[in-house]
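Some notes on the structure that comes next.
The values are calculated or read from the model by the stated rules, or taken from the named source; none is laboratory data. These figures come from a predicted structure and were not determined experimentally. Here the Cβ positions follow ideal geometry from the backbone for every residue, glycine too, while neighbour counts run over all protein chains shown. Calculation scope for accessible area: heavy atoms of the full protein, side chains included, ligands and nucleic acids excluded. Shrake-Rupley method; radii C 1.70, N 1.55, O 1.52, S 1.80 Å.
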Amino acid sequence: QPQLVESGGGLVQSGGSLRLSCEASGHSFTTFTLAWFRQAPGKDRTFVASINRNDANTLYSDSVKARFTISRDHAKNMMYLQMNRLTPEDTGVYYCAARNGDLSSYTEAYDLWGQGTQVTVSS
């Protein structure tokens with residue numbers, strides 16, 4: 001059964017860095033677009049970044065552009081999110097997601113979701 005599992009979350013001070021990982025299993029995701037979303041307490045899930053199937057194109061939300069970098073390793077069926085210069089506004093549960101289509105920032109466009117990993121940035 002296809003599954004996505006996130007890891008790498010934790011507590012970090014403002015200005016620090018974290019690297020999130022998403023392991024895909026049960027299916028070959030090499031032709032899928034993968035993405036990261038996040039959900040702050042009491043708020044809706046929002047788009048962070050996505051990467052298309054051949055890694056040629058990426059998409060970032062304005063709030064993380066130039067601070068976060070999305071990447072993937074097809075051989076390992078892994079996706080990553082390098083997060084630098086973190087701020088308390090980056091706090092939330094981070095989810096990876098997959099869709100059999102092009103880049104999208106819409107939550108509804110994604111078919112498969114992980115359980116999430118908590119990121120907390122202290123001021």
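Details
- When region 1-58 is filtered for residues that are β-branched (Val, Ile, Thr), outside any strand (DSSP E or B) and open to solvent by less than 60 Å² (accessible area, probe 1.4 Å), only THR30 remains.
- Per-region count, region 68-92, residues free of Cβ contacts under 8 Å to residues at least 60 places away in the same chain and of a type in the set (A, V, I, L, M, F, W, C): 5
- Test for ALA98: is it surrounded by 15 or more Cβ atoms within 10 Å (Cβ to Cβ), modelled with pLDDT under 95 and within 30 Å of GLN13 (Cα to Cα): no
- Selection over region 79-120 of residues that are hydroxyl-bearing (Ser, Thr, Tyr) and part of a helix (DSSP H, G or I) gives a count of 1.
- Flag: SER63 does not match the condition of being small (Gly, Ala, Ser), more than 17 Å from THR117 (Cβ to Cβ), open to solvent by 30 Å² or more (accessible area, probe 1.4 Å) and modelled with pLDDT under 95.
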